[in-house]
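Read the structure below first, then the notes.
The values are calculated or read from the model by the stated rules, or taken from the named source; none is laboratory data. All values derive from a computational prediction rather than experimental measurement. Don't worry about glycine lacking a Cβ; one is built from the backbone with ideal geometry, like all the others, and counts go over all protein chains shown.
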Amino acid sequence: MAKVLVIFVVVASLVALASASDADPINDYCVADLASKITINGLACKAASSAMSEDFAFRGFRKDGDTNNPLGIALAPGFAGINYPGLNTLGFALAKFNYAKGGLVPPHTHPRAAEVIYVVKGEVHVGFVDTAGKLFATSLKRGDFFVFPKGLVHFQLNVGSGHAVTISVLNGQNPGVQFFTAVFAAQPSIDTSALARAFQLKDMDVMDLQTKFKPAA
């Protein structure tokens with residue numbers, strides 16, 4: 001119960017910040033119509049008369065995800081456009097990470113949102129780099145919070161002796177995510193010589209990285 005209460009406080013505190021990223025809603029609510037094909041800056045609303053309590057409830061974080069992968073992590077989203085339609089137009093999104101021992105969320109950015117992370121279990125080393133190149137990093141334990149400013153490169157690493165769990169709240173309905181490796185995964189590919197020069201690598205090393213991070217067909 002205590003964990004649930006803390007998580008609720010995290011969400012409630014960020015609702016006040018949401019207007020900094022997304023427009024204020026003009027209705028009491030706008031439950032996303034996930035079947036609609038209409039494309040707008042947000043999601044179409046289903047009729048208020050068809051909204052129900054379950055649209056505003058979310059139970060997607062009950063189970064732990066499968067961390068049996070090269071990064072040792074599992075992500076469970078709580079997004080209006082995916083599995084939490086009651087969040088539509090309210091200006092924030094949720095995410096749960098499970099980490100195997102040594103699990104890593106690699107350097108990435110959210111171009112449209114800041115992020116507050118809360119440690120539910122274990123010990124996680126987190127940090128971000130500002131535009132002057134300064135690193136802000138620390139290790140967090142159960143009950144601790146950390147904030148990643150909007151658009152800055154950040155990461156999370158499980159440094160505990162076992163499994164870890166974190167929950168994040170982002171003050172944008174569709175915060176976006178771009179991993180540092182995107183330059184090697186771009187399609188069509190960025191010129192090999194340009195990347196080699198930028199990262200002080202050999203052309204063949206760049207080609208190897210482009211092969212590794214090439215999106216699955």
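Take the conditions aliphatic (A, V, I, L, M), under 14 Å from the mean Cα position of the chain (by Cα) and assigned by TED's automatic domain parsing to the domain that holds V165 and apply them to L87. Does it pass? Criteria not met by L87.
For segment 18-64, the candidate set comprises residues that are assigned to a helix (DSSP H, G or I) and among the polar types (S, T, N, Q); within that set, the residue that is farthest from P85 (Cα to Cα) is S19.
Of all residues in segment 118-144 being aromatic (F, W, Y) and crowded, with 16+ Cβ neighbours inside 10 Å, which is farthest from G160 (Cα to Cα)? Here the residue is F128. Looking at P107, P70, P77, just one residue is under 24 Å from H154 (Cα atoms), out of contact with any helix residue (DSSP H, G or I) (no Cβ under 7 Å at 6 or more places or on another chain) and exposed (fewer than 12 other Cβ atoms within 10 Å of the Cβ), and that residue is P70. State whether one or more residues within segment 72-81 are among the β-branched types (V, I, T) and part of a loop (DSSP other than H, G, I, E, B). Scanning segment 72-81, I find no residue that is among the β-branched types (V, I, T) and part of a loop (DSSP other than H, G, I, E, B), so the answer is no.
Residues in segment 205-214: is at least one assigned to a loop (DSSP other than H, G, I, E, B), surrounded by 14 or more Cβ atoms within 10 Å (Cβ to Cβ) and either of a type in the set (A, V, I, L, M) or in contact with a His (Cβ under 7 Å, 6 or more places away or on another chain) (or both)? No, that holds for no residue. Of all the numbered requirements in (1) modelled with pLDDT of 95 or more; (2) surrounded by 17 or more Cβ atoms within 10 Å (Cβ to Cβ); (3) under 22 Å from F97 (Cα atoms), N174 misses one, and that requirement is (1). Test L157 against the criterion of being at pLDDT 95 or above and either surrounded by fewer than 15 Cβ atoms within 10 Å (Cβ to Cβ) or more than 16 Å from the chain's Cα centre (by Cα) (or both), and give yes or no. For L157, the condition - at pLDDT 95 or above and either surrounded by fewer than 15 Cβ atoms within 10 Å (Cβ to Cβ) or more than 16 Å from the chain's Cα centre (by Cα) (or both) - is not met.
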